[in-house]
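The values are calculated or read from the model by the stated rules, or taken from the named source; none is laboratory data. Everything numeric in this text was worked out from a predicted model, so none of it was measured. Cβ sites come from the backbone with ideal geometry, for glycine too, and all protein chains shown count toward neighbours. Ligands, DNA and RNA are excluded from the accessible area calculation, which covers all protein heavy atoms including side chains. Shrake-Rupley method; radii C 1.70, N 1.55, O 1.52, S 1.80 Å.
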Amino acid sequence: MLRKTMEHPAEHSTARAAGLPRLRASSVSLALAALLTTTSAQAQQAASADEQSARGNGQQKAQELALEEIVVTARKRVEPLQDVPVAVSSFNADELESARIERIDDLALMTPGFTIAPLVGGDATTPVIRGLMTTIGEPNVGFFVDGVYQSSRAVMEALIDDVERVEVLKGPQSALYGRNTFAGAVNFITRRPSDEWRMGAQGSTGSDELIDLRARLSGPLVPGRLFFGAGITHFERDGYFTNELTGRPLDDRNTDVYHGALRWLMGGGFEVFGRIAYEDTDDGDEPLQFLDNNARPFNPTPIPGFPPANQLFVGPVPGPRSGFAVTPGFKKRQNLLSALEISGEVGPVAVKSITGFNRLERHNAIDDDYSPRPIHFDRLEERQREISQELRFSGAAGNIDWSAGGFYYHLNADRHEDSRYLGAAGPLLLAVLGPFQSLVTDTTERTTSLAAFASLDWRITPDLRLSAAGRYTHERKSVEALDSDPIAGISNPPFEARRSFDNFVPRFSLDYHLSEEAMVYASAARAVKTGGFNVVTATGRILPEERFYDPEHAWTYELGTKGEFLSRRLRLNADLFYVDWKNQIVRALGQTFAVLNVNAGKTTSKGVELEFTALPAEGWEISGGLAYTDAKYDDFNFTTLLLIGFSPAETQLAGTRLQFVSKWTANGSLQYRRPIGNALEWFARADLAYQSKQNIIQTGDAFIGNATIINLHTGFDWRDVTLHFWVKNLTKERAAETGVAVRNPARFFDFAAGVAGLGPLAGLQAFNALTQTRAPRTWGVTLSWRR
């Protein structure tokens, strides 16, 4: 049931204006006489009327002080947030700007139960919702721009630009959204041009030589029929840290974004909307360092009597502020995103077509031993093309709303990676450890997906609704991979494989409106993520039996409530969830220490999420959220640990919390606005985000400590102009941003040099913790103009 729009009529008090009788001429003498005796009483009545009027005006203001209705498209149709039986966090353009939410990791800090691990500087960014994480391959959280799926993890590093609204949907959305929405979805809805001229310009400067310039313009080309929008963004800053090898900034950033849109009202109820955006990014290196292991001494080599080496880092991983010394590299990304939407009505049936085309190119050069010695270097070239087409029909029949449609998706990805030891290190590693210590990998992957979906909403009574949705998907994947050793001059046999996967994912929900302001709901949904191939060989050669992994699947059960109270001055949404996750795909190390996807067992994740927004008084707004997530392995026998000295009993990790999952996440915002003159308004905002510790390795021994981020904002609005002063990470939180355990090329070189008598004997550390440092405190000022 769509909740009725609440009206807030003003209550007016007057001094009995409508009840005073007219005085006839014959009554004038009597009235004059009476006036002398009633002056005191009338004065008291006037005072009482003034008090009633003041109370009435106060009541009117109290009623006008109400939260605005939030509209979302979480279920592929426009609905009030409070009527949707899904846990959704929504951010409009004003919120994104006032909190200076620029990237997806900023958004995660403001969303309870959502964490981001920008692994290896963002190349393997891992979004985690409700504890369901995976680190290689496509993520468990689907990202969509104007309804078009974005598969690459690298896209998550892009700026949030020209966005009207962002919706974070928690829990599996496979039935409606399809691909890789195993844990949830993030939906970006861009601005649409209209018949009204709109324009804006914004400039920011601040610490670390920040320059952030943005401009946009939209309006009618043909009034009432054809509208356009266009914009440009330029972002650059120096590095937060210094490359001590060169004395120059380490992690400088440079991005340009261009976007344009057309909207055509065709007539006959049909509308066409097209948008294209191009991003060109040229970034420096990342603040990454390897840590020396401090526990579990063991000799993993077949050489008897060789000195043992620590195989594990135990404890909180630091976020170093210095010591970065690498051969300068780069991370370049060119990303083209496009969407074409045609929508209209044919009789009683609504029709919508969404066509998408994405093209991504990446060129990386990284000193991946992260040391001043020229030991190892990795170069990557990647080209990816995506085409998608969705056709959806919807309508209503009596008390049933329905939708049905089909979906097509094709991905073509080519990847060339040259990961080799440099100079004399290459022949040395070849002589001591054998071939394929240096690797050149050429990979072509293709995915084709066909799906049919449908949903029904049955309004059993005006307040009770039963919903069911389902999607059947047939997916074909193929891969061609060739590994070669550039030092030894040999190659592995080419690897070619094809696999097909079929699955059906249903979703059921029941919601009941207790009143126009409150509802409760229950849902159950199945999610499936298809299997695939292990082809990333940068950290080691993949053996034939390690090439495949199978689909994973989960059932999620949810109970929730949504309500607005105190005359819509308080919005409170909460939910409980339970996830039964089986055949889980997790990151593991192969026999040659290659990083792999494997189906490693099962996990249970359960928890509670809470979000609220309140208007305690005129000019004030308080909002926040809290999430408790208990995501632990039920069965994960991580046998790779046998290679570094663990006993068979120790490889069972049941009861260990999953990587990159905070048990507790919380956020809060306090905003205040106050007029201080003619058309001038002062505003202030404080944001706080908290994430409890996160494991960075499967065993849980190494972890990121608790982190608290405080951001402050203040400034002035004057007519069409805003002056905004801001500080991020006010308290200089020093907990590491993230970390991961991978093979350290420098340690393998030191081991080989010791064996060859070219250096001191050093035990072999199979892998080390690679830690990424969090951004320091930053500050700046932003001047905006819009109309």
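Geometric descriptor of the chain, per residue, is 189 Å³ (volume of the convex hull of the Cα atoms).
Apply 1/(1 + (r/R0)^6) to the Cβ-Cβ distance of Leu466 and Asp195, taking R0 = 45 Å, and write down the FRET efficiency to the nearest 0.05.
Efficiency, from the Cβ-Cβ distance: 0.65.
Say R0 is 41 Å: what FRET efficiency, to the nearest 0.05, do Trp785 and Ile276 get from their beta-carbon distance?
On the way: r = 25 Å, r/R0 = 0.62.
Calculated value: 0.95.
At q = 0.09, 0.10, 0.14, 0.20 Å⁻¹, what is the log10 ratio I(q)/I(0) for segment 441-589, with the Debye formula run over Cα points and no solvent? At q = 0.09, 0.10, 0.14, 0.20 Å⁻¹ the computed log10 ratios are -0.50, -0.58, -0.83, -1.21. Compared with the direct C-alpha span, the chain from Asp94 to Glu236 gains 48.8 nm at full extension, assuming 0.36 nm per residue.
For segment 594-726, take the alpha-carbon Rg, divide it by the Kirkwood Rh, and send me Rg/Rh.
Numbers: Rg = 22.8 Å, Rh = 18.5 Å.
In segment 594-726, Rg relative to Rh is 1.23.
Using a simple spin-label model with pseudo-atoms 7 Å out from Cα toward Cβ, Val520 and Glu650 lie 4.9 nm apart.
A Cα-only calculation for segment 107-166 places Rg and Dmax at 11.4, 31 Å.
Give Lys582/Lys693; Lys331/Lys728; Lys332/Lys562 a once-over and call out the pairs whose C-alpha atoms are over 32 Å from each other.
Working: Lys582/Lys693 25 Å; Lys331/Lys728 25 Å; Lys332/Lys562 44 Å.
Pairs exceeding the cut-off: Lys332/Lys562.
Which number comes out as Rg/Rh for segment 210-312 once both Rg and the Kirkwood Rh are worked out on C-alpha atoms?
Working: Rg = 26.8 Å, Rh = 19.1 Å.
Rg divided by Rh gives 1.40.
Derived scalar couplings between HN and Hα for segment 464-474 equal 10, 9, 10, 10, 9, 9, x, 9, 9, 10, 10 Hz in order, rounded to whole Hz, by the Karplus curve 6.51 cos²θ - 1.76 cosθ + 1.60 (θ = phi - 60°), x for Gly and Pro. Separation of segment 259-297 and segment 469-525, taken as the distance between their Cα centroids, equals 21 angstrom. Which part of segment 711-747 falls in the paramagnetic zone of Ala686, meaning amide N under 17 Å from the point 7 Å along Cα-to-beta-carbon? Label zone hits: 711-715, 725-733. With protein chains left intact and a 1.4 Å probe, residues in the chain average 42 Å² of accessible area per residue. Sequence-ordered 3J(HN,Hα) estimates for segment 107-117 from the Karplus curve with 6.51, -1.76 and 1.60 and θ = phi - 60° stand at 5, 4, 4, 9, 10, x, x, 10, 10, 10, 10 Hz, glycine and proline given as x. Here Asp635 and Val314 are evaluated by their C-beta separation; at R0 = 25 Å the FRET efficiency comes out at 0.55.
Using helices alone, I'd like the mean residue ellipticity at 222 nm for the chain: each DSSP H run of four-plus residues gives -39500 (n - 2.57), total over residue count, nearest 500.
So the calculated ellipticity at 222 nm is -3000 deg cm²/dmol.
When restricted to Cα atoms, segment 151-191 yields an Rg and a Dmax of 11.1, 29 Å, respectively.
On full extension of the chain, what length is gained from Leu566 through Ser343, given 0.36 nm per residue of separation minus the C-alpha to C-alpha distance? Please list the in-between numbers first.
Values: separation 223, 0.36 × 223 = 80.28 nm, distance 3.89 nm.
Computed gain between Leu566 and Ser343 is 76.4 nm.
Modelled label positions at Lys332 and Ala404, each set 7 Å beyond Cα in the direction of Cβ, lie 5.0 nm from each other.
Under a 1.4 angstrom probe, counting protein chains only, how are Tyr258, Tyr690 ranked by accessible area, largest first?
Working: Tyr258 100, Tyr690 70 Å².
The residues order as Tyr258, Tyr690, largest area first.
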